1. What is the sum of charges around V105, taking Lys and Arg as +1, Asp and Glu as -1, for the other residues whose C-beta is under 14 Å from the C-beta of V105?
2. Keeping all protein chains in place and using 1.4 angstrom, which order do I43, I206 fall into by accessible surface area, from largest down?
3. Output wanted: per-residue J couplings in Hz (rounded whole) for the stretch 145-162, from phi through Karplus 6.51 cos²θ - 1.76 cosθ + 1.60, θ = phi - 60°, x for Gly and Pro.
4. Under the 0.36 nm per residue contour assumption, what length would be gained going from the current alpha-carbon distance of T138 and A108 to full extension?
5. Check which residues have an amide H placed less than 5 Å from G118's amide H, if you skip close sequence neighbours.
6. What does the charge count near T172 come to, summing +1 for each Lys or Arg and -1 for each Asp or Glu among other residues with Cβ under 14 Å from its Cβ?
7. For the ranges 122-128, 174-180, what's the packing order if you count other beta-carbon atoms within 10 Å of each residue, average per peptide, and put the highest first?
8. List every residue whose amide H lies under 5 Å from the amide H of Q42, counting only residues 5 or more places away in sequence or on a different chain, with H placed 1.01 Å from N in the peptide plane.
Amino acid sequence: TRITYEGASIADVQLDHFTSGAGGTALVGGTGQWVLKVDNDQIGDRRVNQGPEQNSALNNAWTVAKKPYFRAEFSLSVNDSRTRVFLGFRTTLAGAGVNEAVPAVPGAEMHGGLLWNGTSWLVSTGDGATSSTGTLTTSPTVAARNVVEVYVTSGVSVEIWLNGVLVATKTTSVPGSGTMEWQELLDVPAGGGAADDSFLTLGEVILQEEVP
């Protein structure tokens with residue numbers, strides 16, 4: 001049995017957006033959509049992620065042992081070498097303050113998701129001590145609607161499905177225990193070059209985990 005959470009990205013109180021650095025915006029893009037924009041020559045990030053529990057509410061993180069599942073609709077306007085994108089589960093959603101920079105390349109922190117590293121689209125995993133990336137059999141289509149699904153099986157594998165097709169299975173540096181939260185992030189770590197923009201359009205988010 002699995003429990004499902006479903007949100008339309010602008011209507012659910014569990015969603016929030018954050019910014020860091022100069023340039024760019026995070027704006028409502030019409031019914032059910034966010035649009036994250038960065039200036040490719042300016043260091044900074046724009047992100048939509050799960051908000052923390054508040055007012056003594058119960059923990060709303062996703063338990064690794066319960067095989068969490070993340071599905072999101074997205075479109076990236078251009079595969080620019082200066083930008084980074086992360087879509088999936090991770091443990092670090094913000095810096096010391098909610099509007100401080102978060103790297104889109106997660107490193108060894110516990111995570112599993114789809115990553116654009118400035119060169120290639122990859123599956124990226126981390127178990128809290130080590131990290132690993134792997135190639136996809138098919139990459140997302142630029143400037144078009146894509147649907148990514150991330151399946152995490154505790155200590156076993158992270159699967160990436162793209163538009164209904166399995167494109168990667170990673171079995172190293174897989175999260176084994178604890179909890180993670182979800183994030184959609186567009187980042188410019190270094191900037192420089194021409195003063196142009198990248199846009200990450202985000203649609204519906206669906207999440208699941210197993211229940212006893």
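The values are calculated or read from the model by the stated rules, or taken from the named source; none is laboratory data. Treat the numbers as computed from the prediction; the structure is a model and nothing was measured. Note: ideal-geometry Cβ built from the backbone for every residue, glycine included; neighbour counts use all protein chains shown. For accessibility, only protein heavy atoms count, side chains too; no ligands or nucleic acids. Shrake-Rupley method; radii C 1.70, N 1.55, O 1.52, S 1.80 Å.
1. +1
2. So the residues, ranked largest to smallest area, are I43, I206.
3. Going residue by residue, I get 5, 10, 10, 9, 10, 10, 10, 10, 10, 3, x, 10, 7, 10, 9, 10, 10, 10 Hz, with x marking Gly and Pro.
4. 8.3 nm is the gain from fully extending T138 to A108.
5. Long-range HN contacts for G118: V85.
6. Value of the local net charge: -1.
7. By packing density, highest mean first, the sequence is 122-128, 174-180.
8. It is G192, by chain and number.
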